[in-house]
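The values are calculated or read from the model by the stated rules, or taken from the named source; none is laboratory data. Small disclaimer: the values here were computed from a predicted structure and weren't measured. A quick note on method: Cβ atoms are made from the backbone with ideal geometry, for glycine too, and the neighbour counts reach across all protein chains shown. Quick note on the areas: whole protein, heavy atoms, side chains included, nothing else; ligands and nucleic acids left out. Shrake-Rupley method; radii C 1.70, N 1.55, O 1.52, S 1.80 Å.
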Amino acid sequence: MLTRNCLLLFLWFLVDEGSVSSLHLPSSPLGRSRTAREHARSLVGPMRNGAAGFQRVKRGWVWNQFFVLEEYMGSDPQYVGKLHTDLDSGKSAVKYTLSGDGAGSIFTIDQTTGDIHALRSLDREEKPYYTLRAQAVDINTNRPLEPESEFVIKVQDINDNEPKFLEGPYKASVPEMSPVGTYVTQVTATDADDPTYGNSARVVYSILHGQPYFSVDAKTGVIKTALPNMDREVKEQYQVLIQAKDMGGQLGGLAGTTTINITLSDVNDNPPRFSKSFFHLRVPESSAVGSAVGRIKAHDLDIGKNAEVEYTIVPGDGGAMFDITTNEHNQEGIIILKKPLDYETKKAYTFKVDASNAHLDPRFQSFGAFKDTATVKINVLDVDEPPVFNKPSYVMDVYEDTPAGTIIGAVTAQDLDASSSPVRYSIDWKSDLDSYFDIDPVEGTISTNELLDRENIAQHNISIVATKLNSPVLTSRVAVTVHVLDINEFPPDLASPYETFVCENAKVGQVIQTFSAKDQDLPPAGQQFSFKSPKEDIKNKNFTIRDFGNNTAGIVTKRSGFRRRVQEIYFLPVVIDDNGYPPKSSTGTLTIRVCGCESDGSLLTCSAEAIFLPVGLSTGALVAILLCIIILLVIVVLYVGLRRQKKKETLMSSKEDIRDNVIHYDDEGGGEEDTHAFDMGTLRNPKVVKENLYRRDVKPELKRGPKPPISQDSADIRDFINERLKEHDIDNSAPPYDSLATYAYEGDGSVAESLSSIESHAIDLEEDYDYLNDWGPRFKTLAGIFEEQSETQSDSTTMENTH
């Protein structure tokens, strides 16, 4: 207590303003202490004399403990520490509050004493520390006595996690014959405990199995070789067991282990060695040049490319007659005959062969020469040789359909031995099962035995056997290839069924389709085809054939103005000739469909029905549109019928209604002049009107007479008006009012001139609809319809004029 008071007195003199709060940290039960400092706070208050001054207020916290032990297993809450302020005089006037991480759920505080307890066991690996805030308030007024202060409760670690190798088991390799200390690999163990506290996370590595070949660094986990010159040929695989132990390897620490499989990789530390120093071979003199006459082998204990062996013949006796190569699969040395052998000339050859590695390692050249030498002796054996053909193979050509018995070629063989025996020839029946060919046994001439068909078999491969007459067992064979040459027996045809279309806006001389031909005869690469129109189709005014000279031709338009409504499909014959012998010819037919196209030539539609249909609409959409139109028409008809019915009822139900200056008529009238054309009194008293007057609310059943002429002084017009007046006089279906019918002139004698389209009929016939072609491709169909109508009407007019 005295020490604390002295410290407070010392801090008092260091600060000239404000207040100093000290955090005294007595030693915790674990032997550690922590201090926390609060900034000074000054409270300014009025003085009794009216002068401003500073009133020093002393405050301070006392922390007994800032650590809480993890994995606490006690039955009572674990004591964490104690909060205390200098303003607490011990009279229970101060209340302590706690907030922040885990306040209330993990940590609780005694509001009176300031003691903090942990309510449950904590795991540092789950959360290493908790940040909380403490405050002292007046227990009666809840007024803060001190500003809120923040502090940290750290979970103190215990050794509850063993080291773990996250990447094990490991695989590693190291070259054989490596010196001591050569790096192999490194292993790492992870400990979840706190590395900053104690030795719980301090890991030490040791080797449990694998000595004395390898060692491990206790701190880094680096594995190195411990023995020199480890030989892969002696032992290739090693298994090493590594242990990682925490607490610095002390007793009581937790440990984890992992396995490392180490392989010694091969180096070229062994030269090839022959199993014996002398090889004796026997070779018949009949051996062919280039054939293998013997095999020798040098063994190498290494593997892979380090075991690859190269064989060479040492220059000297016999070296020019033979050569040696290496079999890449088994590293054998294959001795090959370079020149023909003759027993009568030389009976034996002797030479030396060296075997060496292809890939040398300079580190091991000090061990000695990396090669071995052996002696090879070859004895030539005397044999009675079979006949020898003057060619290694024969090739013959024959045209198909060649008559049977025709000679197509000959083979020749002779006996090279001193006896020079006659030779007889035959065909191996296995190579000519169908007996297409025959051979003269003495002369060796080959002839056909029956007609050949190239389309059936284009090439025959037969084997001719030559036999010595005095030694039938000595035979030799030669391959004969017979090519069956093609004759022109198939006419050419179109390469495919072409689908051709011509646009309605196609121009004269436009190539609308390029086509080619095919032929079953050979050769395909050398065939030449020509194309032309048949003689009877030369006068075709629509299309023609243009031969491009490269086995292709094109369809060319001879006119423009194609219309689907006039003709939708055209058939164009084409004559195709080949250059075979004898030449063959055929006639094909190309189908051309007239289609609607864009201005750039892209296809729109080819169906004739599409002329009347919107472009781009499917059948379902068109059906839906038609249904909608029908429904709308039905609605309009019903609506008009209801309106007419309503008007009729209104007109007939109000017979006593007085109409003043109201006129109902369907014909054109003269405006207000109509009000003076009849007696208005009659309209006001409908009963006095005769019942046989003409009704204006229903359509008359009488047919209209001929149309009046346009001349005002014509007698026909007067007769027409009189006839109409009589019809109205005798009509008894007209109502007693609104029965005025006025007939007047219009046209040339009218002030308003003509309002009808009667006189425009002749003008419409002469109207030119070519301007529709300038409105774009979507008006092409409409323009075509009007053009056809104009042409039809013109033709009709011409015929009428002719009659």
Hz values of 3J(HN,Hα) by residue in the stretch 247-260 - Karplus curve (6.51, -1.76, 1.60), Gly and Pro given as x: 6, x, x, 6, 5, x, x, 8, 9, x, 10, 8, 10, 10
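Express the relative contact order of the stretch 270-392 as a whole percentage, based on alpha carbon pairs under 8 Å and six or more residues apart in sequence. The partial results should precede the final answer.
Values: 267 pairs, mean separation 45.0, N = 123.
Worked out over the stretch 270-392, it gives 37 percent.
Please give the charge dipole size of the stretch 221-324, origin at the Cα centre, charges +1 on K and R Cβ atoms and -1 on D and E Cβ atoms. Round to the nearest 20 debye. Present the calculation step by step, with values, prior to reporting the outcome.
Details: 10 positive and 13 negative charges, 64 e Å.
With only Lys, Arg, Asp and Glu charged at Cβ, the dipole is about 300 debye.
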Cβ-defined net charge surrounding L69, 10 Å radius [Lys, Arg +1; Asp, Glu -1]: -2
Built amide H within the under 5 Å cut-off of S178, gap 5+: N229, M230
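Set the Förster distance to 56 Å, then compute FRET efficiency between V442 and E499 from the Cβ-Cβ distance, nearest 0.05.
Details: r = 64 Å, r/R0 = 1.14.
Here the calculated transfer efficiency is 0.30.
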Local electrostatic count, L485, Cβ distance below 11 Å [Lys/Arg +1, Asp/Glu -1]: -4
Fraction of accessible area attributable to carbon and sulfur, the stretch 204-303 (%, probe 1.4 Å): 51 percent
Cβ charges +1 (Lys, Arg) and -1 (Asp, Glu), total dipole of the stretch 377-522, debye: 580 debye
In Å², nearest 10: area of T258 left accessible to a 1.4 Å probe: 10 Å²
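Determine the sum of side-chain charges near I335: Lys and Arg each +1, Asp and Glu each -1, restricted to other residues whose C-beta is under 14 angstrom from that of I335.
+4
So with the 1.4 Å probe, I'd like the accessible area per residue for the stretch 112-248, rounded to whole Å².
That works out to 52 Å² for each residue.
Over 24 Å between Cα atoms, which of K518/K539; K541/K584; K171/K219; K305/K338 qualify? Can you show the working numbers first?
Values: K518/K539 27 Å; K541/K584 28 Å; K171/K219 20 Å; K305/K338 29 Å.
Violating the 24 Å Cα-Cα cut-off are K518/K539; K541/K584; K305/K338.
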Mean Cα-pair separation over length for the stretch 463-546, i.e. relative contact order, pairs under 8 Å, 6 or more apart, %: 22 percent
R565 versus L603: modelled label distance in nm, points set 7 Å from Cα along the beta carbon direction: 2.4 nm
Alpha carbon centroid spacing (whole Å) that separates the stretch 222-238 from the stretch 258-310: 26 Å
Per-residue ³J(HN,Hα) for the stretch 159-174, Karplus 6.51 cos²θ - 1.76 cosθ + 1.60, θ = phi - 60°, Hz, x for Gly and Pro: 7, 10, 10, 8, x, 10, 8, 6, 10, x, x, 9, 10, 8, 9, 8
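Over the stretch 328-464, what is the relative contact order in whole percent, taking alpha-carbon pairs under 8 Å and six or more residues apart?
20 percent
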³J(HN,Hα), Karplus 6.51/-1.76/1.60, whole Hz, each residue of the stretch 205-216, x for Gly, Pro: 9, 8, 9, 9, 9, x, 7, x, 7, 9, 9, 10
